[in-house]
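What follows is a single structure, written as structure tokens, with notes after it.
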Amino acid sequence: MRSTGNMPVGEILVVDDEDRTIDLCRRAIPEHRYRGPARSWREVERELDRRGDGVDLVLLDVVFDVPATDLLGATEDMSKGELEALRRRQGIEILGWLRRRWPELPVVLMTSREELPLGALSSGAAEEYTWFLDDDVVDAQSLRAQIDGILGARRGEEADGPVYWGRSLALRRLRRKLEVLARGRLPVVLLGPTGSGKSLVARHVVHARSGREGRFVAVDLSTIPKELCAAHLFGAVKGAYTGSVADRTGAFEAAHGGTLFLDELGNLSADAQKMLLQVLQEGTITRLGDMKERPVDVKLVVATNEDLSAKVADGAFRSDLYMRLNPATTVTLPALADRAPDWEPLLTFTLAQALARPYLQGLVADYREAAKLSPGKVEVVTGATVPAHRDGVLVLLFPEQSMRALGQHRWPGNLREFAMVAENAVLFALAEQVGLPPGERPDVVQVRPKLVRDLLHSDVGPPPTGEDGDEGGWRMPVFVRAHDTLNKVAVDCERQYFVALWKAHGGDFSRMAEVLLGDSAGARKVQLRFNQLGLKVRDLKERAR
Amino acid sequence: MTDPTVPDALDRLRHDLGKAIVRQVTWLGSDPDPDELREALAADLLATRRSPAGAVGAVALFDGLRPALISLAGDEEWRRLDDAMGEVRAVVRVLERGAANGDDVARGVRAARAVAEACRALHRKHARG
């Protein structure tokens, strides 16, 4: 698929018993890709079942001069006149059927509204996604403007913010549900595997659409020691606990008037669970060591990828708190592997974000300079066709095999992992080219399948089990990014070292502490640092599988 | 009382003839290239409906529908349609000989638009009661 700017061109299904509409569109509006003509509802079904979310828009004629056997709604006892009438309104019948199967698929009915029989269309949601021509017959420019307007609005809706929603109906519905929940008072419960975008959704959908003017405060409960959890969330007065040397404002107060996002809710301590229940029931908090209740107005979003009901059964999570977290406000974000039809636009979307980062912009600029390319946009192209040269356009080409490798990967780290692989693929593809003599098409940088496969299987290197006698340590490959700050490089190295140690010692923090601190009793400290580095045992276990 | 075949025939007249007879000419917009316009007019008049079964021209379509609409013969819009179709027949003959000049094309476009307008007017007047 081709991209124009950062957005792919439209895939348009023409539903018409004649060839003329599709012929005209192909000639006069060639920037879109056309499917069909589908000459009956069965052909529409076949096409949409095959292409699913790939179709952006349907151009639907009204009259279908087709045999009775191909007519939707025809019955054996229909008279000739009834069948003829059915042919005259077949497009309307097909539209009604489309709405039941694909309720949000944009459809342009190829007639003017005034030419439709009164009451031909049901009102309501269906009409939201149905358009008419301005006149019974239109010129190419008018139809192009209409198509572009519909596709543009739809993409604007989808591309709103850093969360990728894609074109799948299920995800668009999920987004709408979140937008509705954002405006309500009930807490929102986000479920979904690690890396599926829960924190992005909390910030950029729930908080952004809540209409609240207060802050967005995020707390990852897996990084806070259980004994400090309640103070961190609800605040404390001086002397409330050992080391409490001053009054402390908690996360709830900090988020007053805004949104509080509690990630990894399963890690909430028993005390904090009780206090959270108070907030949900009374709308007040009490700082640790204090008697005074303080009202808080917070939109609460909680996330977990644990089975809370199992924790309730084990007594590790309060049943009354669990009941308060209403199932009706639970939204489950899908794993990336379940979003297969979205790979290409997801790649385009992800790279558009990555290419806005200064270090990649710098690398692109270096490449342009070395390859003597004039400044311009970067275009992501997937598939087998290399587009023609256009001045200033730098093409990042992901051949079919590279796309296949992306599509076949399991993505245990979901969107987070995908973004990292896509970004690194471009980084390495560009870096490989810098310093080489320019090829025939320096404006096309190919992201080779081998590079993608290497990245997908690189992880963070083998465990440091090979002892180096001379230095008394281990050797391990470490992955760092060009142009990162030294601080970030140091943290990256530390993170990879921790992962390698974790793997080498089967996830035993005591043994890791022995290596790191020379004291196996320091397991708790190691685990805390592990969490601070953003590492999660569950992620590593999933990756190991 | 209205002949029961008339509404169906009027639907077909508006869609199959009235819309299709100006489709490609309209598609070109307000300032088309003369050669493209001639080609579009020829397509609109000679292959007004196109499907895997083949192409049917405007004259054949109109003649096919005329018997079902005989009850409208006294209607002013019908007369207007009939007159415009007379012009279309003349232009079709020139197009079929491959001898259409700029004037013929302009005449054909005017006639096709008049047919489209008359079909629409007839449909509004009779098909919706």
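I'm checking my understanding of the structure. Among residues of segment A:360-415 that are hydroxyl-bearing (S, T, Y) and surrounded by fewer than 15 Cβ atoms within 10 Å (Cβ to Cβ), which one is farthest from the chain's Cα centre (by Cα)?
Selected residue: A:S374.
Looking only at segment A:41-57, which residues are at pLDDT 90 or above and surrounded by fewer than 20 Cβ atoms within 10 Å (Cβ to Cβ)?
Scanning segment A:41-57 gives A:R42, A:E43, A:E45.
Just to be sure, is A:D468 under 28 Å from the mean Cα position of the chain (by Cα) and at pLDDT below 85?
Values: under 28 Å from the mean Cα position of the chain (by Cα): no; at pLDDT below 85: yes.
No; evaluated as a whole, the condition is false for this residue.
Condition check ((1) surrounded by 15 or more Cβ atoms within 10 Å (Cβ to Cβ); (2) in contact (Cβ under 8 Å) with a residue 12 or more places away in the chain) across all residues:
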position: A:M476; (1), (2): yes, yes
position: A:N487; (1), (2): no, no
position: A:A490; (1), (2): no, no
position: A:L501; (1), (2): yes, yes
position: A:F509; (1), (2): yes, yes
position: A:D519; (1), (2): no, no
position: A:G522; (1), (2): yes, no
position: A:K525; (1), (2): no, yes
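Of everything in segment B:43-61, what is closer than 20 Å to B:T26 by Cα and not in a strand (DSSP E or B)? Give them in sequence order.
Within segment B:43-61, B:A43, B:D44, B:L45, B:L46, B:A47, B:T48, B:G57, B:A58, B:V59, B:L61 qualify.
Restricting to segment A:62-81, and then to whatever is under 19 Å from B:L61 (Cβ atoms) and of a type in the set (V, I, T), can you tell me which residue is nearest to the other protein chains (Cβ to nearest Cβ)?
So in segment A:62-81, the residues under 19 Å from B:L61 (Cβ atoms) come out as A:62-66.
Still in the list and also of a type in the set (V, I, T): A:62-63, A:66.
On the way: A:V62: 7, A:V63: 5, A:V66: 9 Å.
My answer is A:V63.
Of the residues that make up segment A:336-348, is at least one over 18 Å from the mean Cα position of the chain (by Cα) and closer than 25 Å to A:G166 by Cα?
Quick first cut of segment A:336-348, residues over 18 Å from the mean Cα position of the chain (by Cα) only: none.
Taking every residue of segment A:336-348 in turn, none turns out to be over 18 Å from the mean Cα position of the chain (by Cα) and closer than 25 Å to A:G166 by Cα.
Any residue in segment A:208-228 that is farther than 11 Å from A:A251 by Cβ sitting within a Cβ distance under 6 Å of a residue that is hydrophobic (A, V, I, L, M, F, W, C)? List the pairs, counting only those 6 or more apart or interchain.
So the pair list comes out as A:R209/A:A182; A:S210/A:A182.
Return yes or no: is B:D8 within 10 Å of chain A (Cβ to nearest Cβ) and over 12 Å from the mean Cα position of the chain (by Cα)?
yes
Would it be correct to say that B:G86 is exposed (fewer than 13 other Cβ atoms within 10 Å of the Cβ), out of contact with any Pro (no Cβ under 6 Å at 6 or more places or on another chain), away from every other protein chain (no Cβ under 14 Å) and modelled with pLDDT of 90 or more?
Considered against the rule, which asks whether it is exposed (fewer than 13 other Cβ atoms within 10 Å of the Cβ), out of contact with any Pro (no Cβ under 6 Å at 6 or more places or on another chain), away from every other protein chain (no Cβ under 14 Å) and modelled with pLDDT of 90 or more, B:G86 comes out as yes.
Scan segment A:136-154 for residues that are more than 8 Å from chain B (Cβ to nearest Cβ) and charged (D, E, K, R) and jot them down.
Across segment A:136-154, the qualifying residues are A:R144, A:D148, A:R154.
What are the residues in segment B:21-42 that are buried (at least 21 other Cβ atoms within 10 Å of the Cβ), facing chain A (nearest Cβ under 9 Å) and without any contact (Cβ under 8 Å) to a residue 40 or more places away in the chain, if any?
Matches in segment B:21-42: B:R23, B:Q24, B:T26, B:W27.
The values are calculated or read from the model by the stated rules, or taken from the named source; none is laboratory data. Every value quoted in this text rests on a predicted model; they were computed, and no experiment measured them. Neighbour counts are summed over all protein chains in view; Cβ atoms, including those assigned to glycine, are modelled from backbone coordinates with ideal geometry.
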